[in-house]
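A short worksheet on the structure shown next.
The values are calculated or read from the model by the stated rules, or taken from the named source; none is laboratory data. All values reported here derive from a predicted model rather than from experimental measurement. Every residue, glycine among them, receives a Cβ derived from its backbone with ideal geometry; neighbour counts consider all protein chains shown.
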Amino acid sequence: MKPNLRFGIGIIGCGAISSAHWTGYAALADECEIKAVCDLDAKRARQLADKGVGVEAYDDYRELLARDDIHIVSVCTPPSFHRQPVQDALRAGKHVLVEKPFGASLQECDEMIETARACGRKLVVTFQYRYRRDFNQVRHLLACGAIGDVVFAQMNALYWRGARYYEVPWRGKWSTECGGVTTIQAIHPLDIFLWLLGDVESVYAEMDTMAHDVEVEDIAMAIIRFKSGVVAQIACTVNSVKSDISMEFSGRNRAVSIPLAFHAVRSNDRGTPEIDEAGIRELERIAAQIETGTDDHTGPIGDLFAAIREDREPLVGGPQGRNVTETIAAMYKSATTGDAVRLPIAKDDPWYTTAGLQQLVRKGGRGDRTLQQK
């Protein structure tokens, strides 16, 4: 591809998330042009196509992939239908941006990664939080040792979803949604948490379905031990009336948290804390060294464009997208077996495969327990 050529874009799957991809590409219109969209629902495909000029709408993605003027494809289909269009697009010579969750299992992730490698195409997983300024400021503080060794870490991913949310046919079912709050909602902050703290050694988890009549979990809690020695706690739910996406990373005397805030203390003669204003100012100074960031899909899209032009690996390619999938698989295994699970999950482990995971995982579907008790 010529360095100055505008990329032709195709979008497969025209549900709610496709609008974020459309907006991201439109913001980078100097570098690309949306050529075609596709959805099994022809009306929905047409509605998205009509946001542009001369954009074709298809109900068979193979017709979209046959076009020579399309160089990049966004896959925005439901979670259970990522692998096939991703692999077909790669084999058709397209670069691919795929929505989260990357795959329904580690097996599917590895198959897509291998196909991208064999076809010489770029594969990006849409974890747009990785490009935000605040998360990169935290990463910079941790990497340069500004807070010292992490001795406490915690993540909350608390959401609320009503019964109507699960009226969308593919939601709430293991065969199509491929998981609950851990896989669908909390995956973004969990990906950031793992990215900041490094490789996972083991996972112990508890999960349940407390407030919804669905198969998948609506609450999950876990203790994660990292290879660095850090022991961290996470809580994820769609049952919390108060929404809270937050993280804490504490050293012995200095800490940083999300929403972004800086903390520093020193000990008085009783061993209790006093605020260290100079320490806080120092953390602020170091964090300010990260000057920019994006909080939308222009992050992964722009990086994909640059990776193609520079012939380098994307910042969040298949292997990076796979990491959070492995930790989530370990959470499902632990919550089902009652045991801590060590990583990596081997290829001969049934929890590595889609069929094994979905057959073995403990399923919900008991509905609202409060109503049942009455």
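Within the range 189-245, the set of residues being touching a Pro at 6+ places or on another chain (Cβ under 9 Å) and closer than 26 Å to Trp170 by Cα comprises Cys236, Ile245. Summed over the range 214-241, the residues that are under 14 Å from Met155 (Cβ atoms) and either touching a residue at least 40 places away in the same chain (Cβ under 8 Å) or out of contact with any helix residue (DSSP H, G or I) (no Cβ under 6 Å at 6 or more places or on another chain) (or both) give a count of 14.
For the range 173-190, the set of residues classified as among the hydroxyl-bearing types (Ser, Thr, Tyr) and buried (at least 23 other Cβ atoms within 10 Å of the Cβ) consists of Thr182, Thr183, listed by residue number. Selection of first residues in the range 159-181 that are at positive phi and of second residues that are among the acidic types (Asp, Glu), restricted to Cβ pairs under 9 Å at least 6 apart or on distinct chains, gives the following pairs, ordered by first then second residue: Gly172/Asp213; Gly172/Glu215; Gly179/Glu217.
So that you can scan it fast, the table gives a plain yes or no per residue for (1) surrounded by fewer than 21 Cβ atoms within 10 Å (Cβ to Cβ); (2) within 22 Å of the chain's Cα centre (by Cα); (3) modelled with pLDDT under 95; (4) within 24 Å of Glu111 (Cβ to Cβ):
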residue	(1), (2), (3), (4)
Ala340	yes, no, no, no
Pro344	yes, yes, no, yes
Gln359	yes, no, no, yes
Gly365	yes, no, yes, no
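Among the residues in the range 270-277, are any of a type in the set (Ser, Thr, Tyr), surrounded by fewer than 18 Cβ atoms within 10 Å (Cβ to Cβ), more than 24 Å from the chain's Cα centre (by Cα) and not assigned by TED's automatic domain parsing to the domain that holds His140? Among the residues of the range 270-277, not one is of a type in the set (Ser, Thr, Tyr), surrounded by fewer than 18 Cβ atoms within 10 Å (Cβ to Cβ), more than 24 Å from the chain's Cα centre (by Cα) and not assigned by TED's automatic domain parsing to the domain that holds His140, which makes the answer no. In the range 107-129, the residue that is surrounded by the fewest Cβ atoms within 10 Å (Cβ to Cβ) out of those that are touching a residue at least 40 places away in the same chain (Cβ under 8 Å) and under 17 Å from Phe305 (Cβ atoms) is Gln128. For the range 310-335, a residue qualifies if it is under 19 Å from Gln128 (Cβ atoms) and part of a loop (DSSP other than H, G, I, E, B), and the qualifying residues are Glu313, Pro314, Leu315, Val316. Of the residues making up the range 294-314, at least one is surrounded by 14 or more Cβ atoms within 10 Å (Cβ to Cβ), of a type in the set (Gly, Ala, Ser), touching an Asp or Glu at 6+ places or on another chain (Cβ under 7 Å) and not assigned by TED's automatic domain parsing to the domain that holds Ile192. Contact map, the range 51-77: first residue on the phi > 0 side of the Ramachandran plot, second residue at pLDDT 95 or above, Cβ cut-off under 8 Å, separation 6 or more or different chains; the map is empty.
Evaluate the range 259-281: report whether one residue or more is among the polar types (S, T, N, Q), within 13 Å of Val138 (Cα to Cα) and part of a strand (DSSP E or B). The answer is no; no qualifying residue exists. Would you mind stating whether Asp244 is part of a strand (DSSP E or B), touching a residue at least 24 places away in the same chain (Cβ under 8 Å) and surrounded by fewer than 21 Cβ atoms within 10 Å (Cβ to Cβ)? So Asp244 fits the description; yes. The residue of the range 90-134 that is nearest to Thr77 (Cα to Cα), among those that are assigned to a helix (DSSP H, G or I) and within 14 Å of the chain's Cα centre (by Cα), is Cys109. Just one of the listed residues (Phe249, Phe193, Phe262, Phe226) is surrounded by fewer than 20 Cβ atoms within 10 Å (Cβ to Cβ) and modelled with pLDDT of 95 or more, namely Phe226. Sub-8 Å Cβ pairs linking a first residue in the range 322-337 that is within 13 Å of Pro350 (Cα to Cα) to a second residue that is surrounded by fewer than 23 Cβ atoms within 10 Å (Cβ to Cβ) and of a type in the set (S, T, N, Q), at least 6 apart or interchain, are Ala330/Ser202, ordered by first then second residue.
In summary, His212 fulfils each of the numbered conditions (1) surrounded by fewer than 15 Cβ atoms within 10 Å (Cβ to Cβ); (2) assigned to a loop (DSSP other than H, G, I, E, B) with the single exception of condition (1). Among the residues examined, Ala104 does not qualify as surrounded by fewer than 24 Cβ atoms within 10 Å (Cβ to Cβ) and among the small types (Gly, Ala, Ser).
Candidates Val168, Val265, Val216, Val200: the one that is farther than 25 Å from Gly318 by Cβ and within 22 Å of the chain's Cα centre (by Cα) is Val168.
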